[in-house]
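Student: Can you keep this structure in mind? I'll have questions shortly.
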Amino acid sequence: NPRFLKSGHTSPEEYKELWDNISNGKDWHGIYKNKKKNGEFFWTSVVIYPVINSIGNIINYIGVQKDITIEKLVEDQSRQSQKMEAIGRMAGGIVHDFNNILTVISISADILSSKLSKDGSQSDEVDEIKNGVKLATSITRQLLAFCRRTESNFEPFQPAKILKNLHSWFGRL
């Protein structure tokens, strides 16, 4: 009796398809989330064959199921790993583009700095731009190293240092 497939995770349509197949003398194969007697769920691969007598009537069914929970978990972990790898590649591309923008900002700040006199207050703002570019460049390097999955010498995160730099920026804003 294939009622053992009724774990609450099988749609009525799937269950009807199963019955239509085996009632018409066809084999049926499927993967289902099933429920053990203790209420625990597991994944199972199921094959059901109708047993047909000599005059062509279905007299019984033979069903074989295999617990594939471990295989399903490994498959899910592999899929998750592939997603993370794709995200890493995408992030690497974004970080690379962001680094190019930082290079333009840095060069522009250097040109601006050379045009300003060193005694003016505007040079302080240019220095803040340069410090911001250095901080952002450091962060992008760390992100690129993470995305490449290579061994790196990461430096400890120093929030106090970053907040000190941000404090002067926010004061101006």
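The values are calculated or read from the model by the stated rules, or taken from the named source; none is laboratory data. Since this is a predicted model, take the numbers as computed values, not measurements. Note: ideal-geometry Cβ built from the backbone for every residue, glycine included; neighbour counts use all protein chains shown. The area values use the complete protein model at the heavy-atom level, side chains included, leaving out ligands, DNA and RNA. Shrake-Rupley method; radii C 1.70, N 1.55, O 1.52, S 1.80 Å.
Student: For the stretch 1-116, compute Rg over Rh where Rg is the Cα radius of gyration and Rh is the Kirkwood radius from the inverse mean 1/r over Cα pairs.
Tutor: Values: Rg = 28.5 Å, Rh = 19.2 Å.
That ratio equals 1.49.
Student: Related question: In terms of solvent-accessible area of protein heavy atoms at a 1.4 angstrom probe, what is the ranking of His9, His29, highest value first?
Tutor: On the way: His9 95, His29 120 Å².
So, going from the largest accessible area down, we get His29, His9.
Student: Rank Trp19, Trp28 by accessible area, highest first, at a 1.4 Å probe radius? Display every interim value, and only then the final one.
Tutor: Working: Trp19 85, Trp28 10 Å².
The ranking, largest first, comes out as Trp19, Trp28.
Student: Let me ask something additional. Using 0.36 nm per residue, how much length does the chain from Ser123 to Met84 gain when fully extended, once their Cα-Cα distance is taken away? Walk me through the numbers before you get to the answer.
Tutor: Working: separation 39, 0.36 × 39 = 14.04 nm, distance 4.31 nm.
Taking 0.36 nm per residue and subtracting the Cα distance, the gain is 9.7 nm.
Student: So for the pair Val74, Tyr61, with labels modelled 7 Å out along Cα→Cβ, what separation do we get in nm?
Tutor: 3.0
Student: Semi-axes, largest first, in whole Å: what does sqrt of 5 times each Cα gyration tensor eigenvalue give for the stretch 54-148?
Tutor: Numbers: eigenvalues 823, 25, 13 Å².
Output for the stretch 54-148: semi-axes of 64, 11, 8 Å.
Student: Now a separate question. Considering only protein heavy atoms, with the full assembly of protein chains and a 1.4 angstrom probe, order Ser113, Ser54, Ser106 by accessible area, largest first. Let's see the in-between values first.
Tutor: Numbers: Ser113 15, Ser54 125, Ser106 40 Å².
Order by accessible area, largest first: Ser54, Ser106, Ser113.
Student: Right, something else. With the cut-off at 1.5 for a/c, could you classify the stretch 34-100 from its C-alpha gyration tensor as rounded, prolate or oblate?
Tutor: Taking the square roots of the gyration eigenvalues as a ≥ b ≥ c, the stretch 34-100 is prolate.
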